[in-house]
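Chemist: Starting off with a structure, shown below.
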Amino acid sequence: MAKRELLLLALDDPSTRQLMKSALIASNYDISSVQGAAGLEKALSETNPALLLIGENFDGQASLEQAEKILERFPTLPIVL
């Protein structure tokens, strides 16, 4: 059996986060979702996601700024805004 890839969801809206999580699980991905910048930081340090999906604004900050900081530490991590 092939190993399923882990996708990390960083979305503020709980209903959007749950909808994305359900759709991606149905597509045979492992999903981890986080709330807040501290949760995102913890998840990135403890896991090795294949992809990060981050909302337009996450935890009161522009996601482009957050993506820039994340890519400094994890330059090969694909990020979808």
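The values are calculated or read from the model by the stated rules, or taken from the named source; none is laboratory data. The structure displayed is predicted, hence computed values, not measured ones. Every residue, glycine as well, gets a Cβ built from its backbone with ideal geometry; the counts of neighbours run over all protein chains shown. Protein only, heavy atoms only, side chains kept; ligands, DNA and RNA dropped before computing areas. Shrake-Rupley method; radii C 1.70, N 1.55, O 1.52, S 1.80 Å.
Chemist: Restricting to region 6-47, name every residue that is farther than 17 Å from PHE74 by Cα and touching a residue at least 40 places away in the same chain (Cβ under 8 Å). Let's see the steps before the verdict.
Modeler: Within region 6-47, the first condition is being farther than 17 Å from PHE74 by Cα, and the residues that meet it are 11-36.
Answer for region 6-47, where residues must be farther than 17 Å from PHE74 by Cα and touching a residue at least 40 places away in the same chain (Cβ under 8 Å): LEU11, ASP12, ASP13.
Chemist: Can you pull out the residues in region 54-80 that are of a type in the set (Lys, Arg) and surrounded by 11 or more Cβ atoms within 10 Å (Cβ to Cβ)? Before the answer, list the steps.
Modeler: We begin by selecting, within region 54-80, every residue of a type in the set (Lys, Arg); these are 69, 73.
Residue satisfying the conditions is LYS69 alone.
Chemist: Here's a follow-up. Among the residues of region 5-16, which ones are open to solvent by less than 90 Å² (accessible area, probe 1.4 Å) and over 10 Å from the mean Cα position of the chain (by Cα)? Talk me through it step by step, then tell me what you get.
Modeler: From region 5-16, those open to solvent by less than 90 Å² (accessible area, probe 1.4 Å) are 6-16; that's our starting set.
Those that are open to solvent by less than 90 Å² (accessible area, probe 1.4 Å) and over 10 Å from the mean Cα position of the chain (by Cα): ASP12, ASP13, PRO14, SER15, THR16.
Chemist: Also, quick follow-up: Mind listing whichever residues of region 37-53 are open to solvent by less than 30 Å² (accessible area, probe 1.4 Å) and polar (S, T, N, Q)?
Modeler: Of all residues in region 37-53, those open to solvent by less than 30 Å² (accessible area, probe 1.4 Å) come to 39-40, 43-44, 49, 52-53.
Of everything in region 37-53, nothing turns out to be open to solvent by less than 30 Å² (accessible area, probe 1.4 Å) and polar (S, T, N, Q).
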